[in-house]
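*Asks:* Please see the structure below; I have some questions.
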Amino acid sequence: MTTASRFIARMLKNSTPSIGRHSLKLLPRVSSIYGTRFNSTSQPDPDRETGILKTYQVTKADARPVVSEHHEISFDDKKVLIPWEEGKTSYYQHLWLRDHCQCPACRHPETKQRLVNTFDIPRNIKPAGVEGSEAGLKLTWKDGHESVFPWDWLHLHSYAPRLERYLSPQFHLWGSEIENNPPEVNYEEVMASNDGVALWVAKIYKYGFCYVSGVPVTPQATKSLIERIAFIRETHYGGFWDFTADLEKKDMAYTNLALGVHTDTTYFTDPAGLQMFHLLEHSDGSGGQSILVDGFRAAKILREEDPQAYKTLSNVRIPAHASGNPDSSIQPFAPFPVLNHHPSNGELVQIRWNNDDRATMDRWDDLEDVEKFYDAARAWNDILRRQGTEYWEQLRPGRALIFDNWRVLHGRSAFSGKRRLCGGYVNMDDYKSRLRTLCSTRERLLKSL
């Protein structure tokens, strides 16, 4: 994201703690701001110098893990109370603290998995002693076990109240103007180092799509390129595709017909995360121009112009299926809305729109929803088809396209002649894992768990 800072960590001066029977006064000063790291020394790129990721971060300059100089840390039979310099006090129950001990005996140092037996912890557990230091808060339990929690860890995971506020991802939303400067990386750089992959996945995150130039015009090179992010997802189409318009698979993609903009695999409970296309050949014909639409931008427009339509497409569930092949009829475990939001922060996280794969809609909570849905779908379709919304581009050999299938809708014009493409899917969770590990730090990731 464009405003996230580079990783900075600093330790400020600490005062000597004063410890009483049920209270202690500490002055640890630790502040950390998380951002993206790119170390490549190749040609300048604006996205290389700006942070891309933004997850849980402070929203105020004074919201940092510094214990108040003017108030004491206290504990009683149930909880520890930590007053922060920002003017808020965090409440940590003893049971929760013991269950989240970070020591090697409670959390495996290599696998990072929990070792503590939660159900052996007494419900009324209470520490025998509490003391503070520059390293953090130390609790000594009555069985002799010791737990140390760094101050920044306690601040990050404060749950009553929540201190690290969620900031909405600052994606670059785009329309047809993106044709003037579409995101692009170089194949050799991506294949040469993880720094190249970091820039690539960061651009995909920011823009929802990215080209890769200089790709050898072979299926093997394209497959290796996808696998720089993660393994290729297997579906009823197979894993890596190499296909023409021969209807080998009974899907409209295997024809030469025009395809309206859509997201793929709406018929899966977990739709494909990323999708890559690489045109290997187009001979003896014309057409087949690709269309991309930023679904998040289209949804923003819909919400502003027609809030009721946005609400309808966020609530009415649409059944989907893939049943063209006689040996399969794929359907999600339940119908999903077009617009799907994060259950905790309410952010729009996924577009599921493929009118061609829509099954019969015969489950309605209210008869009025029938007309509301068709009205909302019409408004949505009108936005998707606007001149300023659609980005048209002709794919060409040597320039692969990859996009976020949860955000960017794609389609194509009809074509003639022989058109051969290859590509594949990547799971969203695997892509996001690669994004986190390459565009953040190991220390930050482990601290957030």
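The values are calculated or read from the model by the stated rules, or taken from the named source; none is laboratory data. The shown structure was predicted, so the numbers you read here are calculated from the model rather than taken from an experiment. Please note: Cβ atoms are built from the backbone with ideal geometry, for glycine as well, and neighbour counts cover all protein chains shown.
*Asks:* What single numbered condition from (1) closer than 24 Å to Tyr205 by Cβ; (2) in contact with a Leu (Cβ under 8 Å, 6 or more places away or on another chain); (3) touching a residue at least 24 places away in the same chain (Cβ under 8 Å) fails to hold for Thr437?
*Replies:* Against the list (1) closer than 24 Å to Tyr205 by Cβ; (2) in contact with a Leu (Cβ under 8 Å, 6 or more places away or on another chain); (3) touching a residue at least 24 places away in the same chain (Cβ under 8 Å), Thr437 comes up short only on (3).
*Asks:* Still on this structure, I have one more. Those residues that are surrounded by fewer than 16 Cβ atoms within 10 Å (Cβ to Cβ), closer than 23 Å to Lys223 by Cβ and within 20 Å of the chain's Cα centre (by Cα), I need them from region 258-317; list them, please.
*Replies:* Hit for region 258-317 is Asp270, nothing else.
*Asks:* Quick check on Thr59: is it surrounded by 12 or more Cβ atoms within 10 Å (Cβ to Cβ), under 25 Å from Leu449 (Cβ atoms), of a type in the set (Val, Ile, Thr) and modelled with pLDDT under 50?
*Replies:* Numbers: surrounded by 12 or more Cβ atoms within 10 Å (Cβ to Cβ): no; under 25 Å from Leu449 (Cβ atoms): yes; of a type in the set (Val, Ile, Thr): yes; modelled with pLDDT under 50: yes.
Considered against the rule, which asks whether it is surrounded by 12 or more Cβ atoms within 10 Å (Cβ to Cβ), under 25 Å from Leu449 (Cβ atoms), of a type in the set (Val, Ile, Thr) and modelled with pLDDT under 50, Thr59 comes out as no.
*Asks:* Hey, among the residues in region 367-398 that are acidic (Asp, Glu) and under 30 Å from Lys418 (Cβ atoms), which one's surrounded by the most Cβ atoms within 10 Å (Cβ to Cβ)? Step through it out loud before you land on a result.
*Replies:* Within region 367-398, the subset acidic (Asp, Glu) is 368-369, 371, 375, 382, 390, 393.
Filter again for under 30 Å from Lys418 (Cβ atoms), leaving 390, 393.
Numbers: Glu390: 17, Glu393: 15.
Applying the filter and picking the extreme gives Glu390.
*Asks:* Additional query: Return the residue satisfying two criteria in turn: it lies in region 99-122 and is basic (Lys, Arg) and either free of Cβ contacts under 8 Å to residues at least 24 places away in the same chain or over 16 Å from Trp153 (Cα atoms) (or both), and of such residues it is surrounded by the fewest Cβ atoms within 10 Å (Cβ to Cβ).
*Replies:* Keep residues of region 99-122 that are basic (Lys, Arg), which gives 107, 112, 114.
Imposing the further condition that a residue be either free of Cβ contacts under 8 Å to residues at least 24 places away in the same chain or over 16 Å from Trp153 (Cα atoms) (or both) reduces the set to 107, 114.
Values: Arg107: 17, Arg114: 14.
Here the residue is Arg114.
*Asks:* Can you find even one residue in region 216-239 that is within 22 Å of His282 (Cβ to Cβ), of a type in the set (A, V, I, L, M, F, W, C) and surrounded by 20 or more Cβ atoms within 10 Å (Cβ to Cβ)?
*Replies:* Yes, some residue in region 216-239 is within 22 Å of His282 (Cβ to Cβ), of a type in the set (A, V, I, L, M, F, W, C) and surrounded by 20 or more Cβ atoms within 10 Å (Cβ to Cβ).
*Asks:* Listed residues Phe415, Phe403; which is in the same structural domain as Asn325 (by TED's automatic domain parsing), of a type outside the set (Lys, Arg) and buried (at least 19 other Cβ atoms within 10 Å of the Cβ)? Lay out the reasoning, then the answer.
*Replies:* Working: Phe415 fails: buried (at least 19 other Cβ atoms within 10 Å of the Cβ).
Only one candidate passes the filter, namely Phe403.
*Asks:* Additional query: Out of everything in region 341-362 that is loosely packed, with under 11 Cβ neighbours inside 10 Å and either within 16 Å of the chain's Cα centre (by Cα) or in contact (Cβ under 8 Å) with a residue 12 or more places away in the chain (or both), what residue ends up being farthest from His410 (Cα to Cα)?
*Replies:* Restricting attention to region 341-362, the residues satisfying the condition of being loosely packed, with under 11 Cβ neighbours inside 10 Å are 343-344, 346, 360, 362.
When the remaining residues are screened for being either within 16 Å of the chain's Cα centre (by Cα) or in contact (Cβ under 8 Å) with a residue 12 or more places away in the chain (or both), the result is 343-344, 346, 360.
Details: Pro343: 26, Ser344: 29, Gly346: 25, Thr360: 23 Å.
Here the residue is Ser344.
*Asks:* Let me ask something additional. Are any residues in region 103-121 in contact with a helix residue (DSSP H, G or I) (Cβ under 8 Å, 6 or more places away or on another chain) and either under 18 Å from Lys79 (Cα atoms) or of a type in the set (Lys, Arg) (or both), and if so, which ones?
*Replies:* Kept after step one, since they are in contact with a helix residue (DSSP H, G or I) (Cβ under 8 Å, 6 or more places away or on another chain), are these residues of region 103-121: 112, 116, 118, 121.
Passing the criteria: Lys112, Thr118, Ile121.
*Asks:* Scan Asp375, Asp382, Asp366, Asp356 and give me the residue that is charged (D, E, K, R), more than 27 Å from Glu227 (Cα to Cα), not in a helix (DSSP H, G or I) and not assigned by TED's automatic domain parsing to the domain that holds Pro150. Walk me through it before giving the result.
*Replies:* Working: Asp375 fails: not in a helix (DSSP H, G or I); Asp382 fails: not in a helix (DSSP H, G or I); Asp356 fails: not in a helix (DSSP H, G or I).
Checking each option against the conditions leaves just Asp366.
*Asks:* Looking at region 240-285, which of its residues are of a type in the set (A, V, I, L, M), at pLDDT 95 or above and out of contact with any helix residue (DSSP H, G or I) (no Cβ under 6 Å at 6 or more places or on another chain)?
*Replies:* If we filter region 240-285 for residues that are of a type in the set (A, V, I, L, M), which is where we start, we get 245, 247, 252-253, 257-259, 261, 272, 274, 276, 279-280.
Subsequent filtering for residues that are at pLDDT 95 or above retains 261, 272, 274, 276, 279-280.
Once the filter is applied, which keeps residues that are of a type in the set (A, V, I, L, M), at pLDDT 95 or above and out of contact with any helix residue (DSSP H, G or I) (no Cβ under 6 Å at 6 or more places or on another chain), region 240-285 yields Ala272, Leu279, Leu280.
*Asks:* Give me a count of the residues in region 415-449 that are more than 12 Å from the chain's Cα centre (by Cα) and not hydrophobic (A, V, I, L, M, F, W, C).
*Replies:* Here is the first cut: in region 415-449, the ones more than 12 Å from the chain's Cα centre (by Cα) are 415-426, 437-449.
Narrowing the set further to residues that are not hydrophobic (A, V, I, L, M, F, W, C) leaves 416-420, 423-425, 437, 440-444, 447-448.
Looking only at that region, the number is 16.
*Asks:* Let me ask something additional. Identify the single condition in (1) farther than 15 Å from Asp45 by Cβ; (2) modelled with pLDDT of 95 or more; (3) touching a strand residue (DSSP E or B) at 6+ places or on another chain (Cβ under 9 Å) that Val190 does not satisfy, given that it satisfies every other one.
*Replies:* (1)
*Asks:* Identify the residue in region 343-399 that is at pLDDT 95 or above and hydroxyl-bearing (Ser, Thr, Tyr) and, among all such residues, is nearest to Ser213 (Cα to Cα).
*Replies:* The qualifying residue nearest to Ser213 (Cα to Cα) is Tyr391.
One line per residue, one yes/no per condition, for (1) over 30 Å from Glu390 (Cβ atoms); (2) touching a Gly at 6+ places or on another chain (Cβ under 7 Å); (3) among the β-branched types (Val, Ile, Thr):
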| site | (1), (2), (3) |
| --- | --- |
| Phe119 | yes, no, no |
| Pro122 | yes, no, no |
| Gly129 | yes, no, no |
| Glu134 | yes, no, no |
| Gly144 | yes, no, no |
| Val148 | yes, yes, yes |
| Ala192 | yes, no, no |
| Trp200 | no, no, no |
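*Asks:* Which of the residues belonging to region 216-272 are in a strand (DSSP E or B) and either free of Cβ contacts under 8 Å to residues at least 40 places away in the same chain or not polar (S, T, N, Q) (or both)? Even if it seems obvious, please write down each step before you answer.
*Replies:* If we filter region 216-272 for residues that are in a strand (DSSP E or B), which is where we start, we get 235, 238, 241-243, 259-262.
Hits for region 216-272 are Gly238, Trp241, Asp242, Phe243, Leu259, Gly260, Val261, His262.
*Asks:* Then there is this: For residues that are more than 13 Å from Arg358 (Cβ to Cβ) and out of contact with any Asp or Glu (no Cβ under 9 Å at 6 or more places or on another chain), scanning just region 318-331, find the one that is surrounded by the fewest Cβ atoms within 10 Å (Cβ to Cβ). Even if it seems obvious, please write down each step before you answer.
*Replies:* Here is the first cut: in region 318-331, the ones more than 13 Å from Arg358 (Cβ to Cβ) are 324-330.
Still in the running and out of contact with any Asp or Glu (no Cβ under 9 Å at 6 or more places or on another chain): 326-330.
Values: Pro326: 7, Asp327: 5, Ser328: 14, Ser329: 12, Ile330: 16.
Out of the qualifying residues, it is Asp327.
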